[in-house]
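Since the structure comes first, as structure tokens, the remarks are kept for the end.
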Amino acid sequence: MKDRDKILELFSNCIFDELTDENFRENILTELKEDYSDYECGATKLVLWFTSLPNYVIKIPFSGHILGEYDERTSRWSDTYIPFNGASAKGDWNYCEKEVSLYKKAKEKNVNMFFLETILVGEIDNYPIYMQKMCETYYDKEHEDLSYDEVDYTITLCKDAGVTPLKDNWVFDAIQYYGLLKVKEFLKFLHNNKINDLHSSNLGYYKDQPIIIDYAGYDY
């Protein structure tokens, strides 16, 4: 796939050693072979948009985080790199690969249509690069005001499944698009796989289809 080769070439000069949300600007952004059009950074990954790749976003997982500690004896701060180990029960660090794994599980349960697939592009110096199809975010789409009863219903539906309530408009749209029984299967899958942190920035739409963009959660 030509796009995959092109993506890997974009990052060929980048530095991936001990990559965190503290150092990605100098290690990734300043070393890119092509200007990015936009980016977002979370606790566990960097997401990039390129005008030359209009159909995809690129995801780069961070391998850990920086812990700042203050030494009262010296009155100085020191930074320590701490690798992630909460991406799986096995102590894995890669939250993008966790999405790959969860998508496979969702496919086995026939609820994968709710998740925007995360795909491994390849590796640079043994460091993985991922991509997702471009989609609308939750706030890119206009939403009608729901009635009190409709909002209450979506909240109750999530709570009955043991899931922290998702954005009510998104849940309502999902019911309209997939049907109530399929949404209940989806919520059960979220509960059984402990998928959390599904705030509005992690929800979206792909060609009007309600989907989850980021479903890896976060646990150091």
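The values are calculated or read from the model by the stated rules, or taken from the named source; none is laboratory data. Everything quoted here is computed from the prediction, not taken from an experiment. Cβ: placed from backbone, ideal geometry, glycine included. Neighbour counts: every protein chain shown. Ligands, DNA and RNA are stripped out before the accessible areas are found, and what is left, the full protein with its side chains, is counted by its heavy atoms. Shrake-Rupley method; radii C 1.70, N 1.55, O 1.52, S 1.80 Å.
Go through the stretch 1-106 and name the GluC sites (Glu not before Pro) that are in a DSSP coil and have 14 or fewer other Cβ atoms within 10 Å of their Cβ. Before the final figure, lay out the partial values.
Details: sites: GLU9, GLU18, GLU22, GLU26, GLU31, GLU34, GLU40, GLU69, GLU72, GLU97, GLU99; in loops: GLU18, GLU22, GLU34, GLU72.
Passing both the DSSP loop test and the Cβ count: GLU34, GLU72.
Any chance you could list the semi-axes, whole Å, largest first, of the equivalent ellipsoid that the Cα gyration tensor gives for the stretch 144-220, using √(5λ)? Show your work: numbers first, answer last.
Working: eigenvalues 71, 43, 30 Å².
In descending order the semi-axes read 19, 15, 12 Å.
With the other protein chains left in place, how much accessible area per residue, in square angstrom, belongs to the stretch 70-220 at a 1.4 angstrom probe?
Values: 8990 Å² over 151 residues.
Each residue of the stretch 70-220 exposes 60 Å² on average to a 1.4 Å probe.
Let a ≥ b ≥ c be the square roots of the eigenvalues of the Cα gyration tensor of the stretch 119-163; is it rounded (a/c under 1.5), or, if not, prolate (a/b larger than b/c) or oblate?
Values: a/c = 6.69, a/b = 2.21, b/c = 3.03.
It is oblate, given that a/c is not under 1.5 and a/b is not larger than b/c.
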### Message
Test of understanding: what is the full-extension gain from TYR177 to MET134, defined as 0.36 nm times their sequence separation minus their Cα-Cα distance?
### Response
13.5 nm
### Summary
A student asked for the Cα radius of gyration and Dmax of the stretch 1-77 in angstrom ought to give 15.5, 56
### Task
Enter the angle in degrees (range 0 to 90, nearest 10) between the Cα long axis of helix 180-192 and the first principal axis of the Cα atoms of the chain, meaning the one along which they spread out most.
40 degrees
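How much length is gained on full extension from ASP35 to ASN55, taking 0.36 nm per residue of separation minus their Cα-Cα distance? Please report the intermediate quantities before stating the final value.
Details: separation 20, 0.36 × 20 = 7.20 nm, distance 1.64 nm.
Roughly 5.6 nm would be gained on extension.
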### Query
Where in the stretch 1-88 are there trypsin sites (Lys or Arg not before Pro) that are in a DSSP coil and have at most 14 other Cβ atoms within 10 angstrom of their Cβ?
LYS33, ARG73
## Note on the structure
Applying the gyration tensor rule to the Cα atoms of the stretch 175-220 (axes a ≥ b ≥ c; rounded if a/c under 1.5, else prolate if a/b exceeds b/c, else oblate), the class is oblate
### Summary
In Å, the Kirkwood hydrodynamic radius from C-alpha pairs for the stretch 91-152 sits at 14.5 Å
### Alpha carbon centroid spacing (whole Å) that separates the stretch 117-145 from the stretch 162-188
21 Å
### Task
Give the Cα extents of the stretch 87-213 along the principal axes, in whole Å, largest first.
53, 29, 22
### Query
How would you rank 200-213, 104-117, highest first, on the average number of other Cβ atoms within 10 Å across their residues?
200-213, 104-117
### Task
Assuming 1.567 mPa s and 4 °C, estimate D for the chain with Stokes-Einstein, Rh taken as the Kirkwood radius over Cα pairs, in µm²/s.
69 µm²/s
### Query
Under the classification rounded if a/c is under 1.5, otherwise prolate if a/b is larger than b/c and oblate if not, where does the stretch 43-105 fall, given a ≥ b ≥ c as square roots of the Cα gyration tensor eigenvalues?
oblate
### Accessible area (Å², 1.4 Å probe, nearest 10) - SER147
50 Å²
### Message
Let me see the P(r) profile for the stretch 8-124: every Cα-Cα distance counted, bins of 5 Å, each bin given as a percent of all pairs.
### Response
2, 10, 17, 20, 18, 13, 10, 5, 3, 2, 1, 0
